[in-house]
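What follows is a set of notes on a single structure, which appears directly below.
The values are calculated or read from the model by the stated rules, or taken from the named source; none is laboratory data. Being a predicted model, the structure only gives us computed values, none of them experimental. Positions of Cβ are backbone-derived with ideal geometry, glycine not excepted, and every protein chain shown enters the neighbour counts. Just the protein is used for accessible areas: all its heavy atoms, side chains included, with ligands, DNA and RNA removed. Shrake-Rupley method; radii C 1.70, N 1.55, O 1.52, S 1.80 Å.
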Amino acid sequence: MRGHLILIEGLDRSGKTTQTQILHNAIPSSSLIKFPDRSTNIGTIINQYLTDHNFSLSDQAAHLLFSANRWELAASIEDQLQAGHTVIMDRYIYSGIAYSLAKSETSSSPEMASVEWLYAPDRGLPKPDVTIFLTLDIAEMAARKSWGEERYEQTKFQEVVKRCFLKVLDPHADPSVVIVDVNKLGIDEVASKIWTVVEERQLHQQTEVPLARLS
Ligand code: ADP
Ligand code: TMP
Ligand code: MG
């Protein structure tokens, strides 16, 4: 028996951190993992990349560092699942693909336009049992607490990222994907929509189904 792997994805300020924390509080002995994990060696470089606009990295190198950051934690995620804990993640590979793919509209690197190239370094990582994508209008998102100073926090770019997320997250092609519309919903209402998904799929319980890999 193992725990389930639950992923919450979304744009900046869509409510991921709020909702993953609520879920963590609701599921006993669950763990919460946030990507990027800025506390690791690779996470330190990622943090510098996100916060220092003068810190230069090629798009390809940045993409691979985000993936390497996931691989740094992969064994620990798997150990926790196998020990029977539910693992809740705040962002994962779909953020990796969507933010890089969004760069292809302004970058001349052909790799950023290739979903195949972008997906490749993450193959073999644990596959979430569910990916809940929180979607809301950019206008509503923009009305939330002001943007920080980080690299991707610009309304125009977020619009492109949203389109890219919806390109790679298709509930028809992959039934583990659930798109949750959070427009005009308060924190508790969003939490209750997410809980409905968790309960319907029994994701707060353990399972005998072997853990899948991203393939
Ligand atoms: P993310 O982790 O996706 O960037 P956060 O959970 O940090 O988003 O939320 C961003 C901001 O929006 C925070 O100030 C949070 O309190 C607020 N917020 C989160 N969910 C909602 C909601 N459903 N309605 C209004 N404000 C919200
Ligand atoms: P955060 O605001 O949730 O800490 O995320 C930091 C930024 O990193 C956010 O703008 C999304 C971006 N990101 C990527 O570009 N690639 C990735 O693989 C991940 C996990 C995040
Ligand atoms: Mg957050």
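Mean 1/r over all different Cα pairs, inverted: what Kirkwood radius does the stretch 1-71 give, in Å?
About 14.0 Å, per the Kirkwood formula over Cα pairs.
What translational diffusion coefficient, in µm²/s and rounded to a whole number, does the Stokes-Einstein relation yield for the stretch 1-139 at 20 °C and a viscosity of 1.002 mPa s, taking the hydrodynamic radius as the Kirkwood radius over Cα pairs?
The diffusion coefficient I find is 135 µm²/s.
Calculate the FRET efficiency for ALA139 and GLU105 from the Cβ-Cβ distance with a Förster distance of 22 Å, rounded to the nearest 0.05.
The calculated FRET efficiency here is 0.60.
Relative to the longest principal Cα axis of the chain, at what angle does helix 41-51 sit, 0 to 90 degrees, rounded to 10?
60
Quick one: which residues, 5 or more positions from VAL130 or on another chain, have an amide H under 5 Å from its amide H? H modelled 1.01 Å from N in the peptide plane, none for Pro or chain starts.
Those qualifying (amide H under 5 Å, at least 5 residues apart or on another chain) are LEU5, LEU7.
To the nearest 0.05, what FRET efficiency results for GLN205 and ARG123 with a Förster distance of 30 Å applied to their C-beta separation?
So, using R0 = 30 Å, E works out to roughly 0.60.
Can you run phi through the Karplus equation (6.51, -1.76, 1.60; θ = phi - 60°) for the stretch 114-119 and list ³J(HN,Hα) in whole Hz, with x for Gly and Pro?
Karplus values, whole Hz, x for Gly and Pro: 9, 4, 4, 5, 5, 6.
What FRET efficiency comes out for the pair LYS156/SER192, r = Cβ-Cβ distance, R0 = 35 Å, nearest 0.05?
0.60
In what sequence, highest mean first, do 131-142, 87-98 appear when ranked by Cβ atoms within 10 angstrom?
Going from most to least packed, we get 87-98, 131-142.
Ignoring ligands, DNA and RNA, what percent of the 1.4 Å accessible area of the stretch 1-63 is carbon and sulfur?
52
What ³J(HN,Hα) values, in whole Hz, does the Karplus curve 6.51 cos²θ - 1.76 cosθ + 1.60 give for the stretch 25-39 when θ = phi - 60°, with x put for Gly and Pro?
5, 7, 10, x, 6, 8, 10, 10, 10, 10, 10, x, 8, 7, 8
Using alpha carbon centroids, what distance separates the stretch 158-195 and the stretch 57-77, in Å?
Result: 24 Å between the Cα centres.
For the chain, what's the relative contact order in percent, using C-alpha pairs closer than 8 Å and at least 6 residues apart?
Normalised by residue count, the contact order of the chain is 34 percent.
Given a 1.4 angstrom probe, what's the average accessible area per residue across the chain, in square angstrom?
On a per-residue basis, 47 Å².
Starting from the Cα of SER76, move 7 Å in the Cα-to-Cβ direction to define the label point; list residues of the stretch 93-133 whose amide nitrogen is under 16 Å from there.
Under 16 Å, as judged by backbone N against the label point of SER76, lie 126 of the stretch 93-133.
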